[in-house]
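First up is the structure itself, then whatever we jot down about it.
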Amino acid sequence: MKILRIVASFIIMFVLVGFTGCQSQKQLVTETKVAAPPSVETMDAIVYYLKDSNNEMYLVREVHKTPKSEGVARAALNELILGKPLTSGAFKVLPKDTKILGIKIENGLATVDFSKEVLKANVGSSGEMLGILSIVNTLTEFPTIQRVKFTVEGKAENAMGWWGHVGLYEQPFKRNLSPVYEPAIWVTSPIAGQTVKSTFKIKGNARVFEAFVSFRLKDSNGNILAKGSTRAESGAPERGGFEAELTFKPSSAGKGQLEIFEESMKDGSPINMVIIPVKW
């Protein structure tokens, strides 16, 4: 009887160990099936939305991350139609069911063919021209496009009654940044994460008092390595492009941030600051 009890105990232990092993193996198999989602390559799409503030309507410029695409112009327009504005109070003008039937770019002219749903936009007479410029400025962010023309369902005459108040008789349209109020400053060079040399150019656009734009380069400890200022082509309430050159003497490889800003008329403190992380 004693021997039988010992044998029975071994059998029970064997079953329990086997069951635990099966559970562990099952858990291991389950975990190996869980994989990290594949990374999606993205690109920057620059789009222009409308905003109404203090009974004044204007444009805002936004940089959106979109899936990388070979058709960058189409991707930017799709983001203009389907994307979500990031600026508080900004809104879209193109109806969400608008389709881009085709884009032809030739000799700097982009001809965009929209579906008929584009004509359903309802922004009032004050917003119609800005709505057109939201499309034009979005497309002319690309250096291959200087002018933009619209057709609807393949025909230019279908677009002549565009949104009821503004016809398209003056097209093709050209880029116009004067009604872009936000942000006050944006920078096109250098870009975030760029490795800069001891002398590099700063380029951008500003809507600031007396066109005065300041900049400074800081290291990772907050020390100012170099600073300077420049003037935009126009001062507020107009916009103007600006370009400057900054020279510094790095003692070794490092990283920091470039700060571009307007000096407050009240106390000289930085306002409307743009921060660009850089390396050297």
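How tilted is helix 72-82 with respect to the longest principal axis of the chain? Cα atoms for both, answer in degrees (0 to 90, nearest 10). Compared with the principal axis, the helix lies near 80 degrees. Taking a Cβ cut-off of under 13 Å around residue 164, the surrounding Lys, Arg, Asp and Glu residues balance to a net charge of 0, with basic ones at +1 and acidic ones at -1.
Rounded to the nearest 10 degrees, the angle from helix 124-139 to the longest Cα principal axis of the chain is 70 degrees.
Here the contact order of the stretch 77-212, divided by its residue count and restricted to Cα pairs under 8 Å and six or more residues apart, works out to 18 percent. Note on residue 249: lysines with a C-alpha under 16 Å away, same-chain residues under 8 apart excluded, are 197, 201, 218, 227, 279. Build a GNM of the chain with springs between Cα atoms under 10 Å apart, and of 104, 92, 149 the one that fluctuates most is 104. Against the chain, whose longest principal axis comes from its Cα atoms, helix 2-32 is set at around 10 degrees. Among the GluC sites (Glu not before Pro) within the stretch 135-173, those in coil by DSSP and having at most 15 neighbouring Cβ atoms inside 10 Å are 153, 170.
GNM on the chain, C-alpha springs below 10 Å: top fluctuator among 215, 242, 200? Sorting by GNM fluctuation, first place goes to 200. When you count the other C-beta atoms within 10 angstrom of each residue and take the mean per peptide, 53-60, 180-187 line up highest first as 180-187, 53-60. Over every Cα atom in the stretch 97-225, the radius of gyration and the widest Cα-Cα span, Dmax, amount to 19.5, 61 Å. For the stretch 119-177, the calculated P(r), taken from all Cα-Cα distances in 5 Å bins from zero up to the bin holding the longest distance, is 4, 19, 28, 25, 17, 5, 1 percent. Taking 90, 159, 226 in turn, the Gaussian network model of the chain (Cα-Cα springs below 10 Å) assigns the largest fluctuation to 226.
If you take all other residues with their beta carbon under 10 Å from the beta carbon of residue 193, and give Lys and Arg +1 and Asp and Glu -1, the sum is +2. With the convex hull drawn around the C-alpha atoms of the stretch 154-253, the volume per residue stands at 158 Å³. Note on residue 84: lysines with a C-alpha under 16 Å away, same-chain residues under 8 apart excluded, are 51, 65, 92, 96. Applying a DSSP loop filter and a limit of 13 other Cβ atoms within 10 Å to the GluC sites (Glu not before Pro) in the stretch 197-274 leaves 233, 238.
Considering every alpha-carbon pair of the stretch 59-130, the percent of pairs per 5 Å bin, from zero through the bin containing the longest distance, is 3, 14, 22, 24, 23, 11, 3, 0. Candidate values [x] 61, 43, 35; [y] 106, 59, 40; [z] 52, 44, 36 were compared with Cα extents along the principal axes in Å computed on the shown model; the agreeing label is [y].
Within a Cβ distance under 11 Å of residue 155, other residues only, what is the Lys/Arg minus Asp/Glu net charge?
Taking every Cβ under 11 Å from that of residue 155, the sum is -2.
Of all aspartates and glutamates in the structure, the ones whose alpha carbon falls short of 18 Å from that of residue 116, not counting any fewer than 8 places away in one chain, are 97, 128, 153, 157.
Short-range pairs are left out: with C-alpha atoms under 8 Å and at least six residues apart, the relative contact order of the chain is 12 percent.
Quick note: the coordinates plus some simple rules give every number you see, no bench work behind them. Note that this is a predicted model, so its numbers are computed, not measured. Glycine also receives a Cβ, built like all others from the backbone with ideal geometry; neighbour counts cover every protein chain displayed.
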